[in-house]
Amino acid sequence: MKSSFKKYLSYFVYGVLFLLIIFFLGSAIPAFNYNIMTVISGSMEPTLKLGSVVVTSPVENYKVGDIITFRTGGEGTPPTTHRIEDVRVEEGEMIYITKGDANPTEDMTETREENIMGKALFSVPYLGHLVDFVKTPIGFGVLVIIPALLIIGDEVKKIFQNIAQKDET
């Protein structure tokens, strides 16, 4: 009974790890067309908590009330995720006025459509803290290298047990 529980638990853990790897690797492949970002300020509290992971994807139309991620500067500047407060058309171009939910006033910079990275599809509270931790050498070791070594060690142990059983027969 114990071994079947451990077996199903290990399948579950491997499945979750596999899905997370596919999810995060997929964000790096342009064909999947979504971005994964960590919330680094409290401007969207309580909707998006500090340290949340937000998944965004470009959509056909953006409207008032949508939470979007956009760049106010060049490629090197960190993106901003705020809510669309108003939309207007200026010389045939859509202009978006945004505001963080926790901010008292609208953003000073208006956002043009070409600066929008995408609409927030969903967020996972506090997962960004784990993602940031994994990016450190200690975090990578704790969450990737050590479990990998434990799995390899367990497999090596099973190999030696199988060899020992064959020698006994």
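The values are calculated or read from the model by the stated rules, or taken from the named source; none is laboratory data. On a predicted model such as this, the values are computed, not experimentally measured, just so you know. Here the Cβ is made from the backbone with ideal geometry for all residues, glycine too, and neighbour counts use every protein chain on show.
For this structure, a couple of remarks:
- Selection count, the stretch 136-167, where residues are surrounded by 10 or more Cβ atoms within 10 Å (Cβ to Cβ), of a type outside the set (Ser, Thr, Tyr) and under 30 Å from Val54 (Cα atoms): 10
- Residue in the stretch 108-123 that is surrounded by 13 or more Cβ atoms within 10 Å (Cβ to Cβ) and part of a loop (DSSP other than H, G, I, E, B) present: yes
- Condition check for Glu45: more than 24 Å from Leu17 (Cα to Cα) and either of a type in the set (S, T, N, Q) or over 19 Å from the mean Cα position of the chain (by Cα) (or both): no
- Number of the condition not met by Val134 [criteria: (1) touching a residue at least 60 places away in the same chain (Cβ under 8 Å); (2) touching a helix residue (DSSP H, G or I) at 6+ places or on another chain (Cβ under 8 Å)]: (1)
- Residues located in the stretch 124-169, provided they are among the small types (Gly, Ala, Ser), farther than 18 Å from Tyr14 by Cα and at pLDDT 85 or above: Ala164
- Failed condition for Ala31, given (1) modelled with pLDDT of 70 or more; (2) surrounded by fewer than 13 Cβ atoms within 10 Å (Cβ to Cβ): (1)
- Hey, Ile116 in the same structural domain as Glu45 (by TED's automatic domain parsing), touching a residue at least 40 places away in the same chain (Cβ under 8 Å) and closer than 30 Å to Ser43 by Cβ or not: yes
- Matching entry among Phe140, Phe133, Phe160 (being farther than 23 Å from Ser41 by Cβ, part of a helix (DSSP H, G or I) and within 19 Å of the chain's Cα centre (by Cα)): Phe140
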